[in-house]
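What follows is a set of notes on a single structure, which appears directly below.
The values are calculated or read from the model by the stated rules, or taken from the named source; none is laboratory data. Keep in mind that what you see is a predicted model, and the values were worked out from it rather than measured. In this analysis, Cβ positions are derived from the backbone assuming ideal geometry, glycine residues included, and neighbour counts consider all displayed protein chains. All accessible areas refer to the heavy atoms of the entire protein, side chains included, with ligands and DNA or RNA removed. Shrake-Rupley method; radii C 1.70, N 1.55, O 1.52, S 1.80 Å.
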Amino acid sequence: MVDQQEFRSDAPEPVEGEELNAWKRGFTPQAEIWNGRLAMIGLSAGIAVVLLVRVFSGG
C-alpha cells in the first residue's frame, strides 16, 4: 500500500491566482486559461443568439 505522505517530485507546484489571471502571450498556461474563458463566452453568446432568433421568429 502506498503511503499517503509521499509526494511525487514531478507534480506541478501551485500558483497564485494573480499569476493565473495574468495576460501573457504565447503557449503558456495563462493563455490557455484565457482561451478557454473566451471560447465559453463565444459559445454562450452563439447559443443565446440562436435561441433568441428562434423565440422571436416564431419558429
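Some points to look at:
A quick yes/no check of all residues on (1) more than 13 Å from the chain's Cα centre (by Cα); (2) modelled with pLDDT of 80 or more; (3) assigned to a loop (DSSP other than H, G, I, E, B):
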position	(1), (2), (3)
Arg8	yes, no, yes
Pro14	yes, no, yes
Glu18	yes, no, no
Gln30	no, yes, no
Gly36	no, yes, no
Ala48	yes, yes, no
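- Yes/no for Phe56 being modelled with pLDDT of 80 or more, under 16 Å from the mean Cα position of the chain (by Cα) and either open to solvent by less than 70 Å² (accessible area, probe 1.4 Å) or not aliphatic (A, V, I, L, M) (or both): no
- Cβ pairs under 8 Å, 6+ apart, first in the range 30-47 and within 21 Å of Glu19 (Cα to Cα), second at pLDDT 90 or above: none
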